[in-house]
Amino acid sequence: MTSEKNAQIGQAREAFQMLYQISQLLNTGLDSESLTICIRLCELGVNPDVLAQVIKEIRQTGENASQKRSDHMQHT
């Protein structure tokens, strides 16, 4: 690998680490793999606001399903 390519890889890693730290400070709940997926989707043109809304809806659906299972287990 050329030194220029190595520098680009290093910059990309540094940028990701900063984004991950910001994500943690904002309590997004995204792990590094999920954040990587979100970044790639945005790079492909997905609207970040729409992506954030979809993530919120998925989480809410999961929480609702978990609550229903918990309620069902308590009543059986």
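Computed from the coordinates by the stated procedures, all read-outs in this text should not be read as laboratory data. All figures in this text were calculated on a predicted structure; none of them were measured in a lab. Backbone-built Cβ (ideal geometry, glycine too); neighbour counts: all protein chains shown.
Brief remarks on what is shown
- Selection from segment 30-53 of residues that are over 11 Å from the mean Cα position of the chain (by Cα) and β-branched (Val, Ile, Thr): Val46, Val50
- Yes/no for Gly29 being at positive phi, out of contact with any strand residue (DSSP E or B) (no Cβ under 9 Å at 6 or more places or on another chain) and among the small types (Gly, Ala, Ser): yes
- Per the conditions (1) over 15 Å from the mean Cα position of the chain (by Cα); (2) at positive phi, the sole criterion not satisfied by Glu4 is (2).
- Sole exception among (1) in a loop (DSSP other than H, G, I, E, B); (2) surrounded by 10 or more Cβ atoms within 10 Å (Cβ to Cβ); (3) among the small types (Gly, Ala, Ser) for Gly45, by number: (2)
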